[in-house]
Amino acid sequence: MNLPAIREKSKKNMTRGKKQALMAGVCAGLIALTAVVNGLLTNSVRSGQEEFQTAELFEGQGEEQAQHAANEPVSAGTEQTEDGEDYFAVFRQDREETREKELAYLQEIIETAGTDEETLAAAQDSRLFLIEAMEMEMTVENLLRAKGFSDAAVTVHDDSVTVVVEAEALTDGEVAKILDIACDETGQEARNVKIMSLN
């Protein structure tokens with residue numbers, strides 16, 4: 001090869017390397033954004049509330065086997081935000097806006113010409129998981145309302161599920177119902193499901 005051909009090939013490799021580095025940076029940024037937003041959503045639920053961890057429930061999940069982790073009933077906050085808005089409506093709106101942004105970023109990565117196979121596969125897998133998580137969240141929320149809870153907010157992560165229901169306090173039977181629905185619909189084990197009440 002002559003010197004100009006080597007320089008041209010070197011430029012192409014550098015450009016490709018820059019594109020790969022850019023895509024890796026975008027993926028890392030998207031992952032960080034997802035973690036921050038999920039943390040903010042989860043923390044907004046927890047602030048000023050007593051959390052009920054179902055990790056201490058028996059894995060059997062039956063009403064007779066379910067036990068509270070604490071002696072007191074689970075209770076938290078109020079259903080209105082400080083601005084008087086409905087907590088559940090605000091939660092769902094924030095979650096939807098966040099997911100739309102995440103899906104748009106992932107779609108941009110997927111549609112970018114020259115995206116390397118590893119980055120493309122990671123973006124496609126993340127997009128598919130987000131879509132599945134959105135479907136699971138909606139299904140669990142609807143099933144909980146069908147079981148008599150006035151409202152619910154659910155967040156599905158790859159290794160956990162957080163469920164907030166509108167209730168004064170939760171009985172063992174209600175906790176078992178919530179746990180059964182969350183585990184059945186998301187495939188998570190009982191120890192990975194966090195349940196809180198909000199009244």
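Within the option set Ala146, Ala104, being more than 18 Å from the chain's Cα centre (by Cα), modelled with pLDDT of 50 or more, surrounded by fewer than 13 Cβ atoms within 10 Å (Cβ to Cβ) and among the hydrophobic types (A, V, I, L, M, F, W, C) holds for one residue only, Ala146. All conditions in (1) part of a helix (DSSP H, G or I); (2) in contact (Cβ under 8 Å) with a residue 12 or more places away in the chain hold for Asn142, with the sole exception of (2). Taking the listed residues Asp180, Asp158, the one that is assigned to a loop (DSSP other than H, G, I, E, B), in contact (Cβ under 8 Å) with a residue 24 or more places away in the chain and out of contact with any Pro (no Cβ under 7 Å at 6 or more places or on another chain) is Asp158, with no other qualifying.
The values are calculated or read from the model by the stated rules, or taken from the named source; none is laboratory data. Because the structure is predicted, anything quoted here is derived from the model rather than measured. Heads up, the Cβs are rebuilt from the backbone with ideal geometry, glycines too, and the neighbour counts pull from every protein chain shown.
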